[in-house]
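*Asks:* Structure provided below as structure tokens; questions to follow.
What follows is calculated from the coordinates using simple rules that are stated; it is not laboratory data. It should be emphasised that the depicted structure is a prediction, and the values quoted were computed from it without experimental measurement. In this analysis, Cβ positions are derived from the backbone assuming ideal geometry, glycine residues included, and neighbour counts consider all displayed protein chains.
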Amino acid sequence: RALESARDERIRLVYWAARNPERVPDRLLLEFGGDLVDRKATFTSRIDDRKGHEAEGCYRSSEHPRCLPADRLVALAVTAGAYSRFRRDPRIPAGSFQRLYEEWITRSTLGELADGVLLAALRGAPEGPIAFVTVSIEGREGAIGLIAVEQDSRGQGIGSFILRCGHDWLAERGARSVSVVTQLD
């Protein structure tokens, strides 16, 4: 009945979280014009007290100050959502997807959605960050909100480096585990 009422009220967009997305009935999707646009996975890891980074000689890290992000960081944040439901859902205009990620990184750098934003850059390079991760902590639990590596820098260890920086940042503040929710795609 709730679905019939929703159809009568002209709801344009509904997200339904299914425990097993592979078992969403095709007839239900067909009847309501639905699409399977998101399959999530949550990864959790223990944080140990080891310090050091494999690619330390190549990269440097820093924490973004509590202020508005530079255009380069905003553009990098938009790439973080390449496989998100907001990007994949044909009902969400591309501009809306982009604005969502712009707002996400802005509110993260201002401390509203994240406790810290860590940046990674090539050591000695003036052009700014080529990767970042947002981190939050509650008690002994850490969380990663967004992570991105510039397209041309992928496959070179910078992702591992910035994740290790995030783990170190969280460990320094008492976290013993960290989790991230991402898309299976």
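*Asks:* May I ask for the net charge around Ile137, where only other residues with Cβ less than 14 Å from the Cβ of Ile137 are counted and Lys, Arg are +1 while Asp, Glu are -1?
*Replies:* -3
*Asks:* Let me ask you something else. Under a point spin-label approximation (7 Å from Cα along Cα-to-Cβ), what is the Thr182-Ala82 distance to one decimal in nm?
*Replies:* The answer from the label model is 1.2 nm.
*Asks:* In the neighborhood of Ala77, defined by Cβ-to-Cβ distances under 15 Å, what is the net charge if each Lys or Arg adds +1 and each Asp or Glu adds -1?
*Replies:* Combined, the nearby Lys, Arg, Asp and Glu give -1.
*Asks:* Go through segment 77-130 and name the trypsin sites (Lys or Arg not before Pro) that are in a DSSP coil and have 16 or fewer other Cβ atoms within 10 Å of their Cβ.
*Replies:* Hits after loop and neighbour filter: Arg91, Arg123.
*Asks:* Would you kindly state how much longer the chain becomes between Ala41 and Leu28 on full extension, computed as 0.36 nm times their sequence separation minus their alpha carbon distance, in nm to one decimal? Before the final figure, lay out each step's value.
*Replies:* Numbers: separation 13, 0.36 × 13 = 4.68 nm, distance 2.31 nm.
In short, 2.4 nm is gained.
*Asks:* Taking +1 at the Cβ of each Lys and Arg and -1 at the Cβ of each Asp and Glu, which of Leu68, Phe86, Val117 sits farthest along the dipole of segment 54-162 towards its positive end, judged by Cα position relative to the Cα centre?
*Replies:* My answer, from the dipole projection, is Phe86.
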